[in-house]
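I have placed the structure first, in the form of structure tokens, so that the comments after it can refer back to it.
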Amino acid sequence: MAARESIALIEKGADRLAFYGVSGAFESAIALPPYPHEMARDPDGRTAYIGHYGALNSADPAPGGSTVIVIDLLERRILSQIDLRPYRRLHGLQCDGRGRLFVLAEADDMLLVVEKPKAQKIATRAVRTSGVKGHLVAVTANGERAFCANLLSHSITRVAPFSAATTPLVIEPGPKPEGICLSADEGRLMVLNRGDASLAQVDAQSGRVTRTVRLRGEATRIYRHGADAFMLTSYADQSVSLLDAKTLAERAYLNLGGRVTAASLHPERPEALASLETHHLVRIDLCSFTEISRFATGRDPDVSTFVRHAGATA
């Protein structure tokens, strides 16, 4: 029988994880604590981890949350919660190839590791980022290195989560680095600097900035698209772009008419989702780089993911 797909979308202003059909029809939702933010997908394909940021934005004086909510995307239910107190404002999340979960606590500049996140309820390791206002994290497939983007210290710090004796490497890619991702071979780290609308290419081994290019405007997120391209979301320009992985030249461009807050790529076919501040989600064909469709969402759509369900096509 053919599989059908749905879309799981964090709606941080609506305090929920919402499920939509790919046509945009609302299907169901899971209630979450106020202001959930960011999501990591387990290698098993069905488990997701959502951080409780617990504040409207970085300027909000609220203390923030300390819980990671574990979700079964197929059964659409909360499986468990991971308590990361006393660390607060959980933001950047990522899994490595073994399914270990890495969580960046922005308020405390700590990177926390939960080695068996589907079974354990607390962190099993922690390492200081050696930066200030840690926001997003990029982790190598083997989990031995993690790159933390630190907005207030204007730095990227490379840490070794499983080696307490390893000194963090501090990298200065530009002002207010936020969006980060590793190249397919993990030899390069791509960094979006919000402070000057630039993209820095960093040698992941030495930490040296090898190239800097100017962008159309302030950008916030960058994603690897296969081995030969990167997709970035521009906040100021209200657009998405496809960059050649080698030359960093712009290969495709699409204005979406709204500030883009996050995006996700389909794991198998050339398609992406982009969340807009206008409370819409846009489906994008990455071959033609055109809009497939868009639909209205709950308040403040954030990170999304495609979910494949076994069974007859709806």
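The values are calculated or read from the model by the stated rules, or taken from the named source; none is laboratory data. What you see is a predicted model, and the numbers here were worked out from it, not measured in a lab. For neighbour counting, all protein chains shown are included, and Cβ atoms are generated from backbone atoms with ideal geometry for every residue, glycine included. The area values use the complete protein model at the heavy-atom level, side chains included, leaving out ligands, DNA and RNA. Shrake-Rupley method; radii C 1.70, N 1.55, O 1.52, S 1.80 Å.
Pairing each residue of the stretch 175-200 that is acidic (Asp, Glu) with any residue that is part of a strand (DSSP E or B), provided the two are 6+ apart or on different chains, yields C-beta distances under 6 Å for 178/135; 178/149; 178/192; 178/220.
Taken over the stretch 63-76, the criterion of being within 16 Å of residue 27 (Cα to Cα) and out of contact with any strand residue (DSSP E or B) (no Cβ under 7 Å at 6 or more places or on another chain) is satisfied by 75 alone.
I need the full set of residues from the stretch 153-189 which are more than 26 Å from residue 231 (Cα to Cα) and either acidic (Asp, Glu) or part of a strand (DSSP E or B) (or both), in order please. Lay out the reasoning, then the answer.
As a first pass, look at the stretch 153-189 and keep what is more than 26 Å from residue 231 (Cα to Cα): 160-169.
169 - this is the single residue of the stretch 153-189 that is more than 26 Å from residue 231 (Cα to Cα) and either acidic (Asp, Glu) or part of a strand (DSSP E or B) (or both).
Counting only strands (runs of 3 or more DSSP E) that fall entirely inside the stretch 192-257 and contain at least 1 residues that are of a type in the set (Gly, Ala, Ser) and open to solvent by less than 50 Å² (accessible area, probe 1.4 Å), the qualifying elements are 198-203, 219-225, 229-234, 239-244, 250-255.
Within the stretch 141-164, the residues that satisfy the criterion of being open to solvent by less than 40 Å² (accessible area, probe 1.4 Å) and under 22 Å from residue 262 (Cβ atoms) are 146, 147, 148, 149, 150, 151, 156.
The number of residues in the stretch 267-314 that are charged (D, E, K, R) and open to solvent by 60 Å² or more (accessible area, probe 1.4 Å) comes to 7.
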